[in-house]
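The values are calculated or read from the model by the stated rules, or taken from the named source; none is laboratory data. Being a predicted model, the structure only gives us computed values, none of them experimental. Ideal geometry is used to build each Cβ from the backbone, glycine not excepted, and the neighbour counts take in all protein chains shown.
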Amino acid sequence: MKDEERPGGPRAVLVTGSAGRIGSAVVDVLADAGFTVIGADRVERQGRRAVAHFAGDLADPAAVAACFDLAEAAAAEAFPADGRGGGDGGGDGDKRSDRGNRGNRGDRGGGGALGDRGDRGGRAALGDRGDRGGRAALGDRGDRGRLAAVVHLAAHPNPGIVSDHETLRANGMSAYAVLQEAGRRGVPRVVGASSTSAVGLSWADRELSPAYVPVDEEHPDLTVDSYGLSKVMAEQMAAFTTRRYGTATVMLRFPFVGAGERLRGPCNMGARAAGAGTAPRGVAEKP
């Protein structure tokens with residue numbers, strides 16, 4: 001079903017971290033399903049399935065506000081007042097997204113979702129719209145400028161990429177800024193990337209064992225690393241957003257994510273552990 005055919009009017013989805021391993025796959029899936037997709041990342045456009053792209057530091061609240069302005073403007077343009085949509089979601093991106101690279105360019109940093117913010121907190125990659133991307137111009141758009149959802153994937157994907165302090169700052173502040181902006185703007189739902197690292201076992205610098213097995217979302221927090229802590233904080237921020245604004249939030253605890261050779265090692269290690277049939281000492285089944 002295409003966006004313009006969905007009950008309740010046109011809808012669009014903002015995907016942060018859209019240039020990342022999970023984000024790029026999410027953009028493709030949403031575009032294939034007929035959604036209008038707006039991407040956001042630290043880097044300039046990576047691929048053409050999104051109808052618009054924002055490049056900037058998503059840990060900066062001003063950049064996040066500009067990102068949402070762009071997303072709402074793109075949603076409104078995809079579904080103008082006369083009801084004639086701009087095509088079948090992201091699949092029409094080759095025509096519309098060319099404008100996305102006429103904006104003010106700056107850093108061309110590596111993959112990831114966070115980084116230098118530039119002069120205005122980020123670069124809106126929807127071209128020469130003038131003030132049509134500003135909040136003041138969105139007031140009379142109704143559902144045409146409304147996002148159906150935000151998929152927040154922007155984060156450093158593991159520890160060691162930057163310092164512990166920067167890992168916590170970037171991952172935590174981007175989650176807070178995006179969740180709060182979505183809540184303030186009335187976005188009805190946000191899906192975010194947490195991690196099994198939120199339990200604390202994945203990156204610990206010491207021997208740790210779960211309190212019980214199987215491990216579930218009620219397991220106590222054992223984190224002693226800043227990356228795991230950033231995911232604990234993101235989950236708490238999502239719950240806070242739901243309480244504060246009524247926004248439906250879901251945080252998915254992804255395990256190791258990869259393909260090919262990247263995935264082969266962890267899979268082989270897991271298979272060997274399963275074959276051994278042994279559990280860590282002192283671990284009991286959950287009552």
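Find all pairs meeting these conditions: Cβ atoms under 6 angstrom apart; at least six residues apart or on different chains; first residue within segment 26-48 and over 18 Å from residue 69 (Cβ atoms) and in contact (Cβ under 8 Å) with a residue 24 or more places away in the chain; second residue assigned to a loop (DSSP other than H, G, I, E, B) and of a type in the set (Ser, Thr, Tyr).
From segment 26-48, the pairs are 27/18.
Kindly list the number of the only condition in (1) touching a residue at least 60 places away in the same chain (Cβ under 8 Å); (2) surrounded by 15 or more Cβ atoms within 10 Å (Cβ to Cβ) that fails for residue 209.
(2)
Step by step: first the residues of segment 212-225, then only those that are surrounded by 15 or more Cβ atoms within 10 Å (Cβ to Cβ) and touching a residue at least 40 places away in the same chain (Cβ under 8 Å), then the one that is farthest from the chain's Cα centre (by Cα). Which residue is that?
Looking at the filtered set, the residue picked out is 212.
Those residues that are outside any loop (DSSP other than H, G, I, E, B), hydroxyl-bearing (Ser, Thr, Tyr) and within 19 Å of residue 160 (Cβ to Cβ), I need them from segment 203-230; list them, please.
226, 227, 230, listed by residue number.
A quick yes/no check of all residues on (1) modelled with pLDDT under 95; (2) among the basic types (Lys, Arg); (3) closer than 18 Å to residue 146 by Cβ:
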{"position": "5", "(1), (2), (3)": "yes, no, yes"}
{"position": "10", "(1), (2), (3)": "yes, no, yes"}
{"position": "15", "(1), (2), (3)": "no, no, yes"}
{"position": "19", "(1), (2), (3)": "yes, no, no"}
{"position": "22", "(1), (2), (3)": "yes, no, no"}
{"position": "25", "(1), (2), (3)": "yes, no, no"}
{"position": "51", "(1), (2), (3)": "yes, no, yes"}
{"position": "54", "(1), (2), (3)": "no, no, yes"}
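Restricting the search to segment 175-206, which residues are without any contact (Cβ under 8 Å) to a residue 60 or more places away in the chain and of a type in the set (A, V, I, L, M, F, W, C)?
198, 199, 201, 203, 204
If you take the residues of segment 42-73 that are β-branched (Val, Ile, Thr) and assigned to a loop (DSSP other than H, G, I, E, B), which of them is nearest to residue 20 (Cα to Cα)?
Restricting to residues being β-branched (Val, Ile, Thr) and assigned to a loop (DSSP other than H, G, I, E, B), the top hit is 43.
I'd like the residue in segment 242-261 that is among the β-branched types (Val, Ile, Thr) and outside any loop (DSSP other than H, G, I, E, B) and, out of all such residues, is surrounded by the fewest Cβ atoms within 10 Å (Cβ to Cβ).
250
Being at negative phi, outside any helix (DSSP H, G or I) and out of contact with any helix residue (DSSP H, G or I) (no Cβ under 7 Å at 6 or more places or on another chain) is the filter; apply it to segment 163-196 and report the residue that is surrounded by the fewest Cβ atoms within 10 Å (Cβ to Cβ). Let's see the steps before the verdict.
As a first pass, look at segment 163-196 and keep what is at negative phi: 163-185, 187-196.
From the residues that got through so far, the ones that are outside any helix (DSSP H, G or I) too are 163, 185, 187-195.
With the extra rule that they be out of contact with any helix residue (DSSP H, G or I) (no Cβ under 7 Å at 6 or more places or on another chain), the set shrinks to 163, 187-189, 191.
Working: 163: 11, 187: 25, 188: 15, 189: 15, 191: 18.
Among those residues, the one meeting the criterion is 163.
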